[in-house]
1. Filter region 83-95 for residues that are closer than 21 Å to Thr59 by Cβ, within 13 Å of the chain's Cα centre (by Cα) and open to solvent by less than 40 Å² (accessible area, probe 1.4 Å) and give the result.
2. For region 27-45, state whether one or more residues are charged (D, E, K, R), open to solvent by less than 60 Å² (accessible area, probe 1.4 Å), over 23 Å from Gly116 (Cα atoms) and touching a residue at least 60 places away in the same chain (Cβ under 8 Å).
3. So which residues in region 96-147 are surrounded by 15 or more Cβ atoms within 10 Å (Cβ to Cβ), among the basic types (Lys, Arg) and within 18 Å of Met40 (Cα to Cα)?
4. Of the conditions (1) within 15 Å of the chain's Cα centre (by Cα); (2) open to solvent by less than 70 Å² (accessible area, probe 1.4 Å); (3) not basic (Lys, Arg), Ser51 fails just one. Which one is it?
5. Just checking: which of the strands (runs of 3 or more DSSP E) contained wholly in region 34-147 hold 1 or more residues that are of a type in the set (S, T, N, Q) and on the phi < 0 side of the Ramachandran plot?
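The values are calculated or read from the model by the stated rules, or taken from the named source; none is laboratory data. If you're wondering where the values come from, they're calculated on a predicted model, not measured in any experiment. Cβ coordinates were reconstructed from backbone atoms using ideal geometry, including for glycine residues, and neighbour counts include every protein chain displayed. These area figures cover heavy atoms from the full protein model, side chains too; ligands, DNA and RNA do not enter into them. Shrake-Rupley method; radii C 1.70, N 1.55, O 1.52, S 1.80 Å.
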Amino acid sequence: MNTQPETGTQSFTTQYDLPHPPAKVWRALTDPKILAQWLMPNDIRPVVGESFTFQSDPTPWWDGIVRCEVLEMERMKRIRYTWRSGTGPSELDTVVTWTLAPTPSGGTLLGLEHTGFRAADGHAFEGMKKGWPRLVGKLQEILPSMK
């Protein structure tokens, strides 16, 4: 966890050393069907400027929809998109960045950065900080069976 003093926002940053090549990990991050298996159903198109949504079952505190727009994309290296959910004063307006770097063993060092959490987003920040490792754990479970 980091706090950016200039903006007063918090971020979550972590890395995962995966034994799978970047091309396979990239597919898991950008193919809608594979992404839905470990994150949420979606209509992602990894093209800068494209909007897409993640959709899950609503809860009492969340409508189940995350609105996104691809901000940056470098094939098999980096994808960055907005992560917006909710409305009004409780709207979450953050950014998710995935980075992929090949490792000497033929695997991938996968970086995850989720930035832009305001002080008012404390509940969402704590939820995402706990949720991302669980979700990436699901990603790690499906990677071996991907063709």
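1. Selection gives Trp83, Thr94.
2. no
3. Lys129
4. For Ser51, the failing item is (2).
5. 51-55, 78-85, 92-102, 108-117
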